[in-house]
Ligand SMILES: Cc1ncc(COP(=O)(O)O)c(C=O)c1O
């Protein structure tokens, strides 16, 4: 099962609330990273609303978060724009062709005329700060955002916002150099009276202990004062990082060509696809019920009373290749060493599974989807979603 800790979420959002208060930024949850809406009532007071990747996330934000909705999608169709115009507060466009296609309709809409809905453009400052190409929207030929070159001579009537999203798991020093690039390429727009908001996207690792929040606060304040704009931040990961786990059961253990293998009740490809896509190696813990382990050992984001947690190592005598119950030969989570042989029925805890990977789960191969559970401050567990055969059956017809 996926278990999400409400106190852990609130620990993150209280840090974000401080950033909002100190910097004057408006701060919204990027639903693409975490959209478990039954948790929204526990965190909404700390945040200004949600960032939606399109119509469906926008509807979720509108119906269940009930605060500001800031929408950006690489492309909208007629139905998206017609529906979004009824409730979104910002509607940001990825290209001039998309904006020109819908501009007339949007500018005639009562919510646009009254100023309730504002429109913006995602720009590409062409300033790469990350290491991984798949997460870099600034690569030459990127499909995400308009370059300064593409903007030259364009009629920008009707637009009042600029949006950039170029960071991924980064600190505020990378935001600083990115802002310098934005200033160089788009500063003339921000200085004009026409532009009233600047959305600095997500990718800010604000809730990590080493993140330089003071610098972020300074950068936001500076931008607000210099350009007289509202500044928006839309983190996803920073809100749900270290707040949830995926608990799995060992279903089988055997050996093949000298490798010890364990088949688990959860699958890399169906339940934690970022392990394969990013790719990354999750932290894994073996649950022991009676052992007396050192209190100094790390523990997963969610713990249960009466359990001890032994972190898996990279090397060791009892090294297992952990895999899922699907047909995909590569449905592998990795090789992990435990202090004793694994047995059928053992429980393993995969750390940090609340953000991103959880929003991408599937029922590939008809594997059982883990239930979703909230853990409240007093330790009580609330199962908010269980999945059964009808969920698998009804998804495709
Ligand atoms: C436009 C936009 N905003 C916000 C985010 C959230 O980023 P993160 O979860 O890294 O903070 C993303 C993530 O891809 C994004 O594409």
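Rule-based calculations on the coordinates, nothing more; no lab input. No experiment lies behind these values; they were computed from the predicted model shown. Note: ideal-geometry Cβ built from the backbone for every residue, glycine included; neighbour counts use all protein chains shown.
Side notes on the structure shown:
- Computed log₁₀ I(q)/I(0) - Debye formula, equal Cα scatterers, no solvent, region 96-167, q 0.18, 0.19, 0.28 Å⁻¹: -0.75, -0.81, -1.27
- Each helix, a run of at least 4 DSSP H residues, gives -39500 (n - 2.57); summed and divided by the residues of the chain, these come to -7500 deg cm²/dmol at 222 nm.
- Across region 169-326, the relative contact order, built from alpha-carbon pairs under 8 Å that are at least six residues apart, equals 20 percent.
- Length-normalised contact order of the chain in % [C-alpha pairs under 8 Å, at least 6 apart]: 18 percent
- More than 19 angstrom apart: percent of Cα pairs within region 304-397: 58 percent
- For q = 0.10, 0.14, 0.16, 0.19 Å⁻¹, Debye-computed log10 I/I(0) when each Cα of region 44-203 counts as one equal scatterer: -0.35, -0.71, -0.93, -1.28
- Highest to lowest packing among 117-125, 316-324, 340-348, scored as the average C-beta count within 10 Å: 117-125, 316-324, 340-348
- Globularity ratio of the chain, using Cα Rg and 2.2 N^0.38 Å: 1.07
- Cα convex hull, region 297-344: 125 Å³ per residue, rounded to a whole number.
- Here the residues 26, 103, ranked from fewest to most Cβ neighbours within 10 Å of their Cβ, fall in the order 103, 26.
- Spatial separation of Cα centroids for region 193-237 and region 112-149, in angstrom: 15 Å
- With the simple model of a label 7 Å out from the Cα in the direction of the Cβ, residue 105 to residue 78 spans 0.7 nm.
- Burial order of peptide ranges 169-179, 387-397 (average beta-carbon count within 10 Å, highest first): 169-179, 387-397
- Taking 204, 296, 42, 188 and counting other C-beta atoms within 10 Å, the order from fewest to most: 296, 188, 42, 204
- Put in line by how crowded their Cβ is, counting other Cβ atoms within 10 Å and starting with the fewest, 197, 280 read 280, 197.
- With the gyration tensor restricted to C-alpha atoms of region 246-349, the semi-axes of the equivalent ellipsoid amount to 22, 16, 13 Å, longest first.
- Length-normalised contact order for region 244-395 - Cα pairs under 8 Å, 6+ apart - percent: 30 percent
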